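Notes for the one structure printed next.
Laboratory data are not the source of any read-out in this text; all were calculated from the coordinates shown. Owing to the predicted nature of the structure, the values given are computational and were not obtained by experimental measurement. So basically every Cβ, Gly included, is an ideal-geometry build from the backbone, and we count neighbours across all protein chains shown.
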Amino acid sequence: MTRSGCAAAGEPPHMANDLAQAVDRETLLPGEDPESTDPADGVRWVRVYRDLIELTTVLLERTESALKTMRGDAVREAGLDQRLLRIQRER
């Protein structure tokens, strides 16, 4: 995807949709049912989201460390990646 938000030539058309879903607070994971009253569903989704938060936290820590050794354009680009990870973790 280009900085303007349009898919670049050669990128699969679903990438823009994937990015939009990744940062949309309303998007549910496949199989997630907010209407479920089954306690097992609640336990399952707490575990799933805990794992996802832990993964994103590890990625953020690693990128923070890597940013310290980067310069110029690479820092700006990696900073964008880090912002996207924070948005995804917070959703």
Selection from the stretch 54-77 of residues that are closer than 17 Å to Val23 by Cα and among the hydrophobic types (A, V, I, L, M, F, W, C):
Leu55, Leu59, Leu60
Scanning the stretch 16-72 for residues that are small (Gly, Ala, Ser), surrounded by 10 or more Cβ atoms within 10 Å (Cβ to Cβ) and either touching a Phe, Trp or Tyr at 6+ places or on another chain (Cβ under 7 Å) or part of a helix (DSSP H, G or I) (or both) gives Ala16, Ala20, Ala22, Gly42, Ala66
